[in-house]
Amino acid sequence: MLDRLTPKPGSRERRQRKGRGMASGHGRTCGRGQKGAGARSGSRRRAWQEGGQMPLSRRLPKFGFTNIFRVPRQVVNLRDLARFEAGTVVDPTALAGAGLVARADRPVKVLAQGEISVALKLRVDAVSEGARKKVEAAGGGIELVPTARRKPKAELR
């Protein structure tokens, strides 16, 4: 029955043949209306242009703000620090070497998720209160050392 195969109804539309006389329904102005930029060759309406209508970006409500002083920190959990040997100094360079943080020159914060049984010396930018208690209970120590960071936008002006 291959000779009886036909496409689904409505799946194949004939293209509009513009400029083929008034009887075609697309004669004279060829569907472009009268005059104006849209009637000219080479015209193209940008996606964000809405004619005289109030643009979408102005119709939508604005909310929130961006804190330019925010310091993005790389997060490390205590369970990840168990791979280090006892007495090791754990700083951003050691963490980057172990693959726990992406970059050694960005601030690091240690969080309390998981347990730690080895005594480590942490030299990081920030530590949560729970993580501090667990590290000190394991016999380790914490030294807060701020990492040099780039200046926020407000200080650059």
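Rule-based calculations on the coordinates, nothing more; no lab input. Just so it is clear, the structure is predicted and the values come from calculations on it, not from any experiment. Note: ideal-geometry Cβ built from the backbone for every residue, glycine included; neighbour counts use all protein chains shown.
In table form, for the structure just shown:
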quantity	calculated
Cα centre as origin, Lys/Arg/Asp/Glu Cβ charges: segment 23-157 dipole, Debye	1520
Stretch in the chain that is longest and holds no GluC sites (Glu not before Pro) that DSSP places in a loop and that have at most 15 other beta carbons within 10 Å	116-157
Amide H within-cut-off set for Gln74, under 5 Å, with H built and near neighbours excluded	Val108, Lys109
Fully extended contour minus Cα-Cα distance, from Glu50 to Lys121, at 0.36 nm per residue	19.5 nm
Using θ = phi - 60° and Karplus 6.51 cos²θ - 1.76 cosθ + 1.60, couplings along segment 42-53 (whole Hz; Gly, Pro as x)	x, 7, 8, 7, 5, 4, 8, 7, 10, x, x, 5
Structure-derived Rg and Dmax of the Cα atoms in Å: which label, when the choices are (i) 32.8, 92; (ii) 15.2, 54; (iii) 36.0, 101	(i)
Of all DSSP beta bridges in segment 47-148, antiparallel share, percent nearest 5	0
Choice from Ala37, Ala94, Ala23 showing the highest fluctuation, given a GNM over the chain with Cα pairs closer than 10 Å	Ala23
Charge tally in the Cβ shell below 12 Å around Arg123, where Lys, Arg are +1 and Asp, Glu are -1, Arg123 excluded	-2
Value of [θ]222 nm, deg cm²/dmol, for the chain, DSSP H segments ≥ 4, -39500 (n - 2.57) each, nearest 500	-3000 deg cm²/dmol
Positive-end residue of Phe69, Ala98, Val124, charge dipole of the chain with Cβ unit charges	Phe69
